[in-house]
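For reference, the structure is listed below as structure tokens.
The values are calculated or read from the model by the stated rules, or taken from the named source; none is laboratory data. Note that the structure is a prediction, hence the values are computed from the model and not measured. Quick reminder, even Gly has a Cβ in these numbers, built from the backbone with ideal geometry, and neighbours come from all protein chains shown.
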């Protein structure tokens, strides 16, 4: 059997044991995963799962380029620099910094697309590396698009924005001619294909093909309808290579010979289309899966490359194009699948890449509560003096309200216990009130001598006892002697009695005591109602003043930027948060206390009715 007095000690021991285990785990974690650089206070563990629990790849991959989609669900943008220049990616040896570059960084919408070069991805195993962030003081921009891709990649077009639609991100620095307006992309922005005017990449030494060489083309394509036409093309007389769609089914054509896929692609959805030429065959892939092959070798071509048409009047498919890549190497099936999954929908990419929780430089994982507290601490730095005044007032309201609530909780618990003790004693004497027929006040207080000193000390804290005492005293003052005489006049009988007016007066006196007890129960609850009603208004006042000051400063300085507006607005809204943080707990506590007070009042009213009824039965009418 568990002994009650040992429970606190047991809980304390368990707490100490848990703290010791936590410290031991933190030390082991720090020893196994040392910090790369103390200037970066936060990091995340990134795991590429190529095993049975993730996406199984065929063969190990070298120099894979991974896409990371960052959003406010997996990345704290407020704790990073406004352009993401503090990002660093470090291999699991905590020494090697991995090349990366940022395609898009939007601190307002909390969205970013980052490409990272991973030197090796083991098939059937997990590959771990780290993302460091938070050095907002002296972190220089180290993003390197050209260093992110290997030597085999000769062109990469992200179509990131209107200013870079035609720019190649590799060392080749090629350009696309004929670009139009940017359209929606699978990764950020994309390029709209009209079906009539193809995009052209002019000849360059980097994209010259030799007979029987190796080549890989890949792109994300979203057909507007059932696709029809040439997506990729290069021709020189009888020599040609093209990738396109016929009745929605993808095909590859080399020197007039065609190999078709197995099924049409769905319109209105993004599809990863890749062609790998090498070792005497041209293999077509759709969404990372092989979809047809053709026995052919790469023709020797140095002519322009066309996207969305063949440059000779042949139409291209209607739709949107994104992430076009050209390589002078035949990529493996594992690499094609890796690109398709990592760049694809978040549900599929989440199986391949697992983004861990934030870890602080003390090597302890930061929980969700600590994240919010750290954000609030950062926001409070931009709070104006008026906002601090409001928050201090809200804090005072909260402190007073909590003291009142704690006092009421203890008071209600005490009177509840005392009332139970009184009811237990009252039930014993209520059937026969003879024990109370005395003008001795001590007899009335002790309920006819049936209550000992210990119980009496407890019962005195009950409002029921106070009302009982008032009623008993009134009975003692108002009761009269009633004589009954027999018919022969020889015998007389005396008894106690009360008049109807006396009964009404006693009842009025007890109701007066009830009113005083109700006043005592409701005393100081007004401070909770002030917190409920006044907290939000105080917070709103602080927010309005903060917003007003922020816009006044912007108008004076002339700097209309998100980075100049957002901190002041966030700081101003903190005052509203403080007001609501006061009002909401006060509202819940007030509702609970009101419910318990209502029960106490109901018990007192019921007792008064029962007392008057028992008293009227016991004392005959005078």
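General remarks:
- The set of residues in the range 308-350 that are over 42 Å from the mean Cα position of the chain (by Cα) and either surrounded by 23 or more Cβ atoms within 10 Å (Cβ to Cβ) or at pLDDT below 90 (or both) comprises 308, 309, 310, 311, 312, 313, 314, 315, 316.
- Considering only residues in the range 115-125 that are surrounded by fewer than 15 Cβ atoms within 10 Å (Cβ to Cβ) and in contact with a strand residue (DSSP E or B) (Cβ under 8 Å, 6 or more places away or on another chain), the one that is modelled with the highest pLDDT turns out to be 120.
Rundown of residues vs (1) modelled with pLDDT of 90 or more; (2) over 26 Å from the mean Cα position of the chain (by Cα); (3) more than 30 Å from residue 565 (Cα to Cα), yes/no style:
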{"site": "11", "(1), (2), (3)": "no, yes, yes"}
{"site": "58", "(1), (2), (3)": "no, yes, yes"}
{"site": "64", "(1), (2), (3)": "yes, yes, yes"}
{"site": "70", "(1), (2), (3)": "yes, no, no"}
{"site": "102", "(1), (2), (3)": "yes, no, no"}
{"site": "109", "(1), (2), (3)": "no, no, no"}
{"site": "113", "(1), (2), (3)": "yes, no, no"}
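- Selection status of residue 595, assigned by TED's automatic domain parsing to the domain that holds residue 500 and modelled with pLDDT of 85 or more: yes
- Selection over the range 139-180 of residues that are surrounded by 20 or more Cβ atoms within 10 Å (Cβ to Cβ) and assigned to a strand (DSSP E or B) gives a count of 5.
- Hits in the range 80-100 (condition: touching a helix residue (DSSP H, G or I) at 6+ places or on another chain (Cβ under 7 Å) and surrounded by fewer than 21 Cβ atoms within 10 Å (Cβ to Cβ)): 82, 99
- Lone unmet requirement of (1) without any contact (Cβ under 8 Å) to a residue 40 or more places away in the chain; (2) under 15 Å from residue 229 (Cα atoms) for residue 267: (1)
- Only a single criterion out of (1) in a loop (DSSP other than H, G, I, E, B); (2) modelled with pLDDT under 75 is not satisfied by residue 461, namely (2).
- Counting only residues that are closer than 20 Å to residue 267 by Cβ and over 36 Å from the mean Cα position of the chain (by Cα), the range 175-197 holds 4 of them.
- Wholly enclosed strands (runs of 3 or more DSSP E) of the range 203-294 bearing at least 3 residues touching a strand residue (DSSP E or B) at 6+ places or on another chain (Cβ under 9 Å) and buried (at least 21 other Cβ atoms within 10 Å of the Cβ): 215-223, 229-236, 239-246, 249-254, 271-278, 281-286
- Filter result (closer than 11 Å to residue 525 by Cα and either touching a strand residue (DSSP E or B) at 6+ places or on another chain (Cβ under 6 Å) or surrounded by 14 or more Cβ atoms within 10 Å (Cβ to Cβ) (or both)) within the range 403-412: 404, 405, 408
- Matching residues in the range 176-187 - criterion: being within 22 Å of residue 114 (Cα to Cα) and out of contact with any helix residue (DSSP H, G or I) (no Cβ under 9 Å at 6 or more places or on another chain): 183, 184, 185, 186, 187
- Condition check for residue 108: more than 14 Å from residue 145 (Cα to Cα), crowded, with 18+ Cβ neighbours inside 10 Å and touching a residue at least 12 places away in the same chain (Cβ under 8 Å): no
- Test: residue in the range 355-377 that is within 19 Å of residue 277 (Cα to Cα) and at pLDDT 80 or above: no
- Which listed residue, of 572, 578, 583, is at pLDDT 90 or above and surrounded by 17 or more Cβ atoms within 10 Å (Cβ to Cβ): 583
- Members of the range 494-525 that are modelled with pLDDT of 90 or more and either touching a strand residue (DSSP E or B) at 6+ places or on another chain (Cβ under 8 Å) or in a loop (DSSP other than H, G, I, E, B) (or both): none
- Condition met for residue 416 (within 55 Å of the chain's Cα centre (by Cα) and at pLDDT 60 or above): yes
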